[in-house]
1. Kindly provide the set of residues from the stretch 142-156 that are surrounded by fewer than 17 Cβ atoms within 10 Å (Cβ to Cβ) and either among the small types (G, A, S) or closer than 20 Å to H83 by Cβ (or both), ordered by number.
2. Pairs under 9 Å by beta carbon, first residue within 20 Å of D256 (Cβ to Cβ) and part of a helix (DSSP H, G or I) in the stretch 56-71, partner open to solvent by 30 Å² or more (accessible area, probe 1.4 Å) and aliphatic (A, V, I, L, M), six or more apart or different chains?
3. Being open to solvent by less than 60 Å² (accessible area, probe 1.4 Å), at pLDDT 85 or above and either touching a Ser or Thr at 6+ places or on another chain (Cβ under 6 Å) or over 25 Å from F154 (Cβ atoms) (or both) is the requirement here; does V81 meet it?
4. Only one of these is under 26 Å from F235 (Cβ atoms), among the hydrophobic types (A, V, I, L, M, F, W, C) and surrounded by 12 or more Cβ atoms within 10 Å (Cβ to Cβ): L53, L114. Name it.
5. Which condition number does K100 fail, the rest of (1) more than 22 Å from V132 (Cβ to Cβ); (2) open to solvent by 60 Å² or more (accessible area, probe 1.4 Å) being met?
6. Going by the structure shown, is R15 closer than 30 Å to L131 by Cα, in a loop (DSSP other than H, G, I, E, B) and either modelled with pLDDT of 90 or more or not aromatic (F, W, Y) (or both)?
7. Are any residues in the stretch 168-178 open to solvent by 20 Å² or more (accessible area, probe 1.4 Å) and either farther than 15 Å from L225 by Cβ or part of a helix (DSSP H, G or I) (or both), and if so, which ones?
8. I'd like the residue in the stretch 118-141 that is open to solvent by 60 Å² or more (accessible area, probe 1.4 Å) and assigned to a loop (DSSP other than H, G, I, E, B) and, out of all such residues, is farthest from D176 (Cα to Cα).
Amino acid sequence: MGAVLLLGVLAALTRSSVQSAVGEDDHSHEHAFLGEYAKSVLGMKPEELEDLLYWLVEQRIDQNKDMKLSANELQHWMRHVYHRDLENNILEAFNTANVKGDNDISFKEYRQWLFTQPDTPERTEKSENRLVARWRLADDNGDGRLSLGEFGVFYAPDEPHHKKMHGLLVDEYIEDRDKNGDYILSFNEWAGPIVGDEDLGTGKIWEMEMKARFKDADENKDGELHHPEVEHFLFPLEEDREADEEALHILAEVDDDGDELVSHQEMMKHLRIFVGSQVLQHGKLFHATDEL
């Protein structure tokens, strides 16, 4: 079981600004590889898609100009895509919620906008309290309003460089799992929401991996996870871990010949990985690319 899935399930708070507090869906990552070019590919013909990918590799990603992508080249590109994507989403959320067009936004304005959105679940006292706590912590000058920079911290508190927010997210994480109120997580408390989830196909192998990860997270080997240990587990030092894992996932999916490189032929064979199934369905290429 890949680390990406495990961490995605365990840290439901991750990419968890407002989303984890109220259950709002995050933006789609289906076209993650394409980055800023994702919106331009709908309706493209097969030859146009191939030309775009060839140009993207040649001009933007392939650093040593061998027309193959190594793990390092993929990771470098995915880091660029991830950071640009995050910045765009923060700006879009800020501008959309900031109906007055001011340089900053109040919590009241944001709250009014958030809970009128069709996809936002019914608010609860717990979700509102968490939103307020995050807002106040992100508000550096304490004026009750967030500038674009402060809003970015609120929107994406799990980002490695938003360390001031991590302690609060760990508090939320423990609160959601701590059954006996001791503010410490046993293995059953930590893994209970996952090990018992039939939709994840859990079993002995999965449980063994969970126990191994719990053991790794348990730094003082007392059989429990305390606040600092949970924080180290959820927020390791690697700042670009998510982007790097996505790059390695792509490589593992498409490297048919095992040379640890992505060739143009492999890219075209696994076109869905790079452009998304929606693009292929729109262009009626879905089955054709399976046969390449």
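The values are calculated or read from the model by the stated rules, or taken from the named source; none is laboratory data. All values reported here derive from a predicted model rather than from experimental measurement. As a convention, Cβ positions derive from the backbone with ideal geometry for all residues, glycine included, and neighbour counts pool all protein chains shown. For the accessible areas, the whole protein counts, side chains as well, though only heavy atoms, and no ligand, DNA or RNA atoms are used. Shrake-Rupley method; radii C 1.70, N 1.55, O 1.52, S 1.80 Å.
1. Step one: of the stretch 142-156, the residues surrounded by fewer than 17 Cβ atoms within 10 Å (Cβ to Cβ) are 142-144, 148-149.
Correct list: G142, G144, L148, G149.
2. V57/M67; A71/L248; A71/L261
3. Details: open to solvent by less than 60 Å² (accessible area, probe 1.4 Å): yes; at pLDDT 85 or above: yes; either touching a Ser or Thr at 6+ places or on another chain (Cβ under 6 Å) or over 25 Å from F154 (Cβ atoms) (or both): no.
No.
4. Numbers: L53 fails: under 26 Å from F235 (Cβ atoms).
Sole residue among the options that is under 26 Å from F235 (Cβ atoms), among the hydrophobic types (A, V, I, L, M, F, W, C) and surrounded by 12 or more Cβ atoms within 10 Å (Cβ to Cβ): L114.
5. (1)
6. Details: closer than 30 Å to L131 by Cα: yes; in a loop (DSSP other than H, G, I, E, B): yes; either modelled with pLDDT of 90 or more or not aromatic (F, W, Y) (or both): yes.
Yes, satisfied.
7. We begin by selecting, within the stretch 168-178, every residue open to solvent by 20 Å² or more (accessible area, probe 1.4 Å); these are 168, 171, 175-178.
L168, D171, E175, D176, R177 - these are the residues of the stretch 168-178 that are open to solvent by 20 Å² or more (accessible area, probe 1.4 Å) and either farther than 15 Å from L225 by Cβ or part of a helix (DSSP H, G or I) (or both).
8. N141
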